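Q: My questions will all concern the structure given below.
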Amino acid sequence: MITRVWHGWTTPANAPVYEQLLLTEIFVGIAGRNLPGYRGISLGKRDVGDEVEFVTIMWFDTLDSVRAFAGDDYASAVVPPKARAALKRFDPVSEHYETVVEPPFAK
């Protein structure tokens, strides 16, 4: 299993807008693609000075599953235009890890 981690930062004023966009459009859209090997996504956030940091953690069966989601350049961040508009800045790439302990829902 592969864990994909990505970070984005927004202003405190845009944080609720961005969070709602993720929860009601982006995450729903990802799930609706019915990608083979996609296991799910988690969202975290925290206040960091004058920004709000968001982290997404996604799980996939294999790197081929990640490629089905992100394309051949699978490390590149997948950030739709509406999300880019709400963000102050974001990581241009996602990090990928071999999952040592799978989330409970994956078993």
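Bear in mind that the values in this text are calculations on the coordinates, not laboratory data. The model shown is predicted, which means the values in this text are computed figures rather than measured ones. We place every Cβ from the backbone using ideal geometry, glycine too, and count neighbours over all the protein chains shown.
Q: Taking the Cα-to-Cβ direction at Asp91 and at Leu23 and moving 7 Å from each Cα, how far apart do the two end points lie in nm?
A: The two pseudo-label positions are separated by 2.3 nm.
Q: Residues of the range 32-58 with backbone nitrogen within less than 15 Å of a virtual label 7 Å along the Cα-to-Cβ line of His7, please, listed as ranges.
A: Output list for this probe position: 44-57.
Q: Helix-only estimate, please: 222 nm mean residue ellipticity of the chain, summing -39500 (n - 2.57) across DSSP H runs of length 4 or more and dividing by its residues, to the nearest 500.
A: The per-residue figure over the chain is -6000 deg cm²/dmol.
Q: Give me the percent relative contact order of the range 16-73, please, defined on Cα pairs under 8 angstrom at least 6 residues apart.
A: On the way: 47 pairs, mean separation 17.2, N = 58.
RCO, the range 16-73: 30 percent.
Q: So, one more: Across 5 Å bins from the origin, how do the percents of Cα pairs in the chain run, short distances first?
A: 2, 12, 23, 24, 19, 12, 6, 1
Q: Report the extension gain between Arg84 and Ala68 in nm, rounded to one decimal, defined as 0.36 nm multiplied by the number of residues separating them, less their alpha carbon distance. Spell out each step's value before the answer.
A: On the way: separation 16, 0.36 × 16 = 5.76 nm, distance 2.16 nm.
My answer for the length gained is 3.6 nm.
Q: From Cα pairs below 8 angstrom and at least 6 apart in sequence, can you work out the relative contact order of the chain, rounded to a whole percent?
A: 44
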